[in-house]
1. Would you work out the charge dipole size for the chain about its Cα centre, treating the Cβ of every Lys and Arg as +1 and the Cβ of every Asp and Glu as -1, and quote it to the nearest 20 debye?
2. Between residue 70 and residue 58, with labels modelled 7 Å along Cα→Cβ, what's the label distance in nm to one decimal, could you check?
3. Considering the dipole of the chain built from charges on the beta carbon (Lys and Arg +1, Asp and Glu -1) around the Cα centre, which of 153, 22, 132 is farthest to its positive end?
4. Sorted by packing (mean other beta-carbon atoms within 10 Å per residue), highest first, where do 162-174, 59-71, 96-108 land?
5. So for the chain, taking the charge dipole from beta-carbon charges (+1 Lys/Arg, -1 Asp/Glu), which of 37, 100, 180 sits furthest toward the positive end?
6. Between helix 70-102 and the chain, what is the angle of the helix's C-alpha long axis to the longest principal axis, kept within 0 to 90° and rounded to the nearest 10?
7. For helix 29-64, report the angle its Cα long axis makes with the longest principal axis of the Cα atoms of the chain; keep it between 0 and 90° and round to the nearest 10°.
8. On the accessible surface of the chain, probed at 1.4 Å, how many percent belong to carbon and sulfur atoms?
Amino acid sequence: MPLPVASIALNAATARVSPGEALLQIDPARQASLVSSEARTRQARQASLRFLAEQAQRLQALYEGGAVSKQEMLQAKAAHESARAEVAALGAQVKHQTVQLRYYRVTAPIGGVLGDIPVRVGDRVTPATLLTTIDGGTALEAYISLPVERAASARLEAPVELLDASDVVQVRTRISFIAPSASEDTQG
């Protein structure tokens, strides 16, 4: 189910981010409520577990004195063990949901230049929603489409010049990869 973006921590003019810097906050209210509800359910089951432990001890003593049947004593022990497993499972669920809650605060995994943030406060997002990108600044990658008739002349290590809008050379480099197939859209 989509969740609303609660806040965007960066000013639109901010371009560089540091590792761990807060980028977005997704409204955690529903997840926090789920964590709280499961924690309360676990507390209730723990109280029930304490009662069942006492009950099993009482029935063990009564069985040893001959006042109850072995079946009653074994049923009490089984109920106690079942409750103990249920409390452990609820503890694991609380832990899992608490970990999930951390994902509602989006932080920069690496330092670098922040890309566009296409979501705005109030937008609804899912785990598949692209929130932003960060360029680590390690290298510039340029994709150059060639017409099919020029594809045969492309070869690895061939020189390439990247120009700005005024046709001034900004970067001189060499081709490091050639896609083995043509683009379906452009046939380039």
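The values are calculated or read from the model by the stated rules, or taken from the named source; none is laboratory data. Treat the numbers as computed from the prediction; the structure is a model and nothing was measured. All Cβ positions, even for glycine, are placed from backbone atoms using ideal geometry, and neighbour counts span all protein chains on display. Please note that ligands, DNA and RNA were not included when accessible areas were found on the heavy atoms of the full protein model with its side chains. Shrake-Rupley method; radii C 1.70, N 1.55, O 1.52, S 1.80 Å.
1. Dipole magnitude for the chain comes out near 1120 debye.
2. Going from the residue 70 label point to the residue 58 one covers 2.4 nm.
3. Highest projection toward the positive end goes to 22.
4. 96-108, 59-71, 162-174
5. About the Cα centre, the residue reaching furthest to the positive side is 37.
6. Result, in degrees: 20.
7. Value to nearest ten degrees: 30.
8. 54
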